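Asks: First the structure, which I've put down as structure tokens, then a few questions once you've had a look.
Read the figures in this text as sums done on the coordinates, not as results from a lab. Note that the structure is a prediction, hence the values are computed from the model and not measured. Every residue, glycine as well, gets a Cβ built from its backbone with ideal geometry; the counts of neighbours run over all protein chains shown.
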Amino acid sequence: STSTIVQCSKSVCPYCGTGCGVLIEHDGDKILGVRGDPEHPANYGQLCSKGMTLAQTVHGPGRASMPLQRRDGEHWREHDWEQALSDIASSWAEIYRDNGPQALAFYVSGQLPTEDYYVANKLAKGFLGTNHIDTNSRLCMASAVTGYKRSLGMDSVPCSYEDLESTDCLLIVGANVAYAHPILFRRIEAHKARRPELRIIVVDPRRTATASIADLFLPILPGTDVALFHGILHLLIWNDWVDETFIREHTQGWQELKQRVQEYTPQRVAEICNIPEHDLRQAAEIFGTAPRALSLWCQGLNQSAHGTDNNVALINLHLATGQIGRPGAGPFSLTGQPNAMGGRETGGMPALLPGHREVTNAEHRAAIAELWGVDALNPEPGLTAVPMYQALERGDLAAIWITCTNPILSLPDRKQVERALRNAKHVVLQESYLDGETMPFAHWLLPAASWGEREALVTNSERRISHLQAAIPAPGTARPDWQIFCDFAHALGLALDRLDVPLPDQRDRSWQERAARMFAFQDTASIFAEYRRCTQGRDLDISGLDLTILDTQGPQQWPFPEGAEGGKKRLYADGIFPTPNGRARFHAPDHLGVAEEIDAHYPLRLTTGRLRDQWHSMARTGRVASLFASAEEAYLHIHPQDAQRFTLSEGMLVVVESRRGENIYRLRLDDSLQIGLLFAPMHFGIRNAPAALCNTVTLPAIDPYSGEPEFKHAAVRVRKA
Ligand code: SF4
């Protein structure tokens, strides 16, 4: 008989931070289908349009299967791994010898599994001694990280998805959940249908699909979030809707904040935000009188030059009303990418070390140095994404290793990123797909195994860790990312020894010996075992969790310390926060507006964001024809009145121009926008819309605390093409 034996492997959708469980149906060689995992607590079997079409993204042309070296121009030559790694290691060892480890950088991704993040971080910070390792999560969640840390003391999301179903008030700010986290949106819709008394407030400069379920929609001007939250707090205080007992017993900084929000009168805030004062008052009443209030936010707050301020000002509302640590209550930031949280856990950012530790903290450094078996770790935080590419352009960095991300498309001010990569002495791109926009700038392309082809660990938005099984082999010689990093460490050890580069301490006799000791990992389990030791005694302690528990009892939320029977649904239920005195902190930022205001030359505001059926730079979703049905090309959305003002009409080709560059789009009239605001999708690149890379026009302004860029606002003008 030739009948195929269909097997089933448990996995998680590799797109958004919802982290839906999927079952991969395969024959051991090919993925035949993907369906929702009815047992996974994130989605209970449901999948959105992107998750449902995953099977169509794996096979076919365009997958990286052999190491490739760019010889000149566009010509690539295949090599075996040994040759590739030895060549790259020689270049990196020379740079290390001549310029020191601070000339080397890594730029990784919130789509990398936890074990890859851990090994990359150990390679950069532990082996090489450079803290220049950042991730594209910098473009996504960094402001939520700094917001949580400043307000609550730790980068810990306190809520669970279950809270969506037990709340009385949902404040959704700067998050188009219907498009970016569709399965969570379905859970919200179902809850609203069951309990119509649930009040939903949606705050967004655009009337997005998410606003369709709002009882109250506040179309604030971009960049006015802090003013809005202060205005709401002003009214909460005025109406005595704050929780004085919670404030007295569990917080600090209240008096300064109270003084600050005095200035934010309803009238003034309504003017700043350009919303009716009555709506502001209604928002305060809904939030202030709800027995349980939950807020959800995403890039609308985070991707701002004041993203941290936006976050702390929103968290203020929860602390002032005691709406935290209880079912249905709390500040709940949604993670954009599937493992942005796992990256933060393993220290995959330039100021972090594994287990939510800081490179600037001597005790934290000592703990990790001990675990890694090195004398000392570098105490200086490395460069975050935007400054990293600026340093590359200046020549302060010589080499960069880019993994699982496409910076030419996704970083702001694309032309600057192009200059930076052109100026780099050595660029390594570790990728699963060929022909991304960054590939022409790489000297080497290393093929990485992708989703379904390797086991993996990821943490979703509600702190839930899932174990993804491998279903099929990777194409050609592609390897899991952690294995590439380990193999490179061994090759680098050899190259450094050949150049007689001295070791930073006496713990090993040679670099090769050090690499063999530090990168002896054989599989995901051995990496996870070492990583878990880093978490012991920390807020995210998972010392009681192992792969067997994940496989037999299903995905688990952290913390899960030794002896625990299960993970924790909610943090801070006892009102004790991980700050030195156990109190959460109010912060009192001022409203500062956008980084680049509109003016007579650039009179329109451009905001960027996701489409429902595409994911990031479309390496996967761009291969599925049906996902183009809802948006077949990159449109520039404009309000009909603005179109009239600039004598433009539907379907016309237009040029949108900022101080950094210009793009060409087909125009789509859209009255869900406010007048003066344009919207461009973030996904389209050179492959599918050569002149519509939205980050050609965005600006590299970043938040001073989080380093997150302001993707949500740029001053532009528009004209007929
Ligand atoms: Fe995948 Fe997110 Fe859709 Fe779930 S909601 S199927 S994780 S894209």
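Asks: Find how many whole Å separate the alpha carbon centroid of region 438-456 from the alpha carbon centroid of region 574-612.
Replies: Value for the Cα centre distance between the two parts: 34 Å.
Asks: Also: Please work out the FRET efficiency for the pair Val6 and Glu662, using the Cβ-Cβ distance as r and a Förster radius of 51 Å; give the result to the nearest 0.05.
Replies: E(calc), rounded to 0.05, equals 0.50.
Asks: Enumerate the lysines that Lys415 could reach by cross-link, defined here as Cα to Cα under 25 Å, with residues fewer than 8 away along the same chain left out.
Replies: Lys425, Lys712, Lys720
Asks: Distance from the Cα centre of region 355-402 to that of region 638-691, in angstrom?
Replies: 40 Å
Asks: Pop a pseudo-label 7 angstrom from the Cα along the beta-carbon direction at both Glu597 and Ser49 and give the gap in nm to one decimal.
Replies: Taking the simple label geometry, Glu597 and Ser49 are separated by 3.9 nm.
Asks: Could you give the length gained on full extension between Thr647 and Lys30, defined as 0.36 nm per residue of separation minus the Cα-Cα distance, in nm?
Replies: 216.9 nm
Asks: Glu708: net charge of surrounding residues, Cβ under 13 Å, Lys/Arg +1, Asp/Glu -1, itself excluded?
Replies: -2
Asks: On a 0 to 90° scale, report how tilted helix 182-194 is relative to the longest principal axis of the chain, with both axes built from alpha carbons and the result rounded to the nearest 10.
Replies: Taking the Cα atoms of the chain, the angle to 182-194 is about 30 degrees.
Asks: Using a Förster distance of 56 angstrom, determine the FRET efficiency expected from the C-beta separation of Arg687 and Asp505, and round it to 0.05.
Replies: Values: r = 47 Å, r/R0 = 0.84.
About 0.75, to the nearest 0.05.
Asks: Using θ = phi - 60° and the Karplus relation 6.51 cos²θ - 1.76 cosθ + 1.60, list the HN-Hα couplings for region 592-597 in order, rounded to whole Hz, with x at every Gly or Pro.
Replies: So the Karplus estimates, Gly and Pro as x, are 10, x, 8, 6, 10, 6 Hz.
Asks: Within 10 Å, count the other beta carbons around each residue, average over each peptide in 388-401, 700-713, 450-463, and list them highest first.
Replies: 450-463, 700-713, 388-401
Asks: Ordered by residue, what ³J(HN,Hα) values in Hz, to whole numbers, does region 382-393 give under the Karplus form 6.51 cos²θ - 1.76 cosθ + 1.60, where θ = phi - 60° and Gly and Pro are x?
Replies: So the Karplus estimates, Gly and Pro as x, are x, 7, 7, 3, 5, x, 4, 6, 5, 5, 5, 5 Hz.
Asks: Taking amide H positions as placed 1.01 Å from N in the peptide plane, with prolines and chain starts having none, which residues 5 or more places from Gly322, or on another chain, fall under 5 Å of its amide H?
Replies: HN-HN under 5 Å from Gly322: Asp243.
Asks: When the Karplus curve 6.51 cos²θ - 1.76 cosθ + 1.60 is applied with θ = phi - 60°, which whole-Hz ³J(HN,Hα) does each residue of region 239-246 get, with x for Gly and Pro?
Replies: Each residue's phi maps through the Karplus curve to give 8, 6, 9, 8, 9, 4, 5, 4 Hz.
Asks: How much mean residue ellipticity at 222 nm does the chain get from its helices, if each DSSP H run of length 4 or more adds -39500 (n - 2.57) and you divide by all residues, to the nearest 500 deg cm²/dmol?
Replies: That calculation yields -9000 deg cm²/dmol at 222 nm.
Asks: Nearest 10 degrees, 0 to 90: what angle lies between the long axis of helix 142-152 and the longest principal axis of the chain (Cα atoms)?
Replies: 60 degrees
Asks: Next question. Where does the charge balance sit around Arg414 when Lys and Arg score +1, Asp and Glu -1, over other residues with C-beta under 11 Å from its C-beta?
Replies: On the way: positive: Lys415, Arg419, Arg660; negative: Asp413, Glu418, Glu437.
The answer is 0.
Asks: Per the Kirkwood definition applied to all pairs of different Cα atoms, how many angstroms is the hydrodynamic radius of region 142-336?
Replies: That comes to 16.3 Å for region 142-336.
Asks: While we're looking at this one, here's another question. If Lys and Arg each add +1 and Asp and Glu each add -1, what is the summed charge of the other residues whose beta carbon sits under 11 Å from the beta carbon of Gly223?
Replies: -3
Asks: Once you have the alpha carbon radius of gyration of the chain, what is it after dividing by 2.2 N^0.38 Å, with N set to its residue count?
Replies: 0.92
Asks: Can you spot the lysines whose alpha carbon is less than 27 Å from Lys30's alpha carbon? Ignore those fewer than 8 places along the same chain.
Replies: Output for Lys30: Lys10, Lys50.
Asks: As a test of understanding, state the convex hull volume per residue of region 604-720 from its alpha carbons, in Å³.
Replies: Enclosed volume per residue, from the Cα hull, is 107 Å³.
Asks: May I ask you to derive the FRET efficiency for Ala366 and Asp435 from their Cβ-Cβ distance with R0 = 45 Å, giving the value to the nearest 0.05? Don't skip to the end; give the middle numbers.
Replies: Working: r = 45 Å, r/R0 = 1.00.
With R0 = 45 Å, the Cβ-Cβ based efficiency is 0.50.
Asks: Something else: Applying a 10 Å radius around every beta-carbon, put 55-63, 429-437 in order of their mean neighbour count, most first.
Replies: Ranking, from highest mean packing down: 429-437, 55-63.
Asks: Evaluate the distance, in nm, between pseudo-label points positioned 7 Å from the Cα of Gln267 and of Arg517 along their respective Cα→Cβ axes.
Replies: Taking the simple label geometry, Gln267 and Arg517 are separated by 7.1 nm.
Asks: Determine which residues of region 456-470 fall in the zone a paramagnetic label at Ala573 would reach in this model, i.e. backbone nitrogen under 14 Å from the point 7 Å along Cα→Cβ.
Replies: Inside the label zone: nothing.
Asks: Right, next: Please list, or write none, the lysines whose alpha carbon is within less than 22 Å of the alpha carbon of Lys568, excluding same-chain residues fewer than 8 places away.
Replies: Partners within reach: Lys149.
Asks: What is the gain in length, in nm to one decimal, between Glu74 and Glu39 on full extension, counting 0.36 nm per residue of separation less the C-alpha to C-alpha distance?
Replies: Computed gain between Glu74 and Glu39 is 7.9 nm.
Asks: Can you list residues from other chains, or at least 5 along the same chain, whose modelled amide H is less than 5 Å from the amide H of Gln557?
Replies: Ile465, Gly567, Lys568
Asks: Report the gain in length on full extension from Glu197 to Val655: 0.36 nm times residue separation, minus Cα-Cα distance, nm rounded to one decimal. Intermediate values should be presented prior to the final figure.
Replies: Values: separation 458, 0.36 × 458 = 164.88 nm, distance 4.58 nm.
Going from the current span to full extension adds 160.3 nm.
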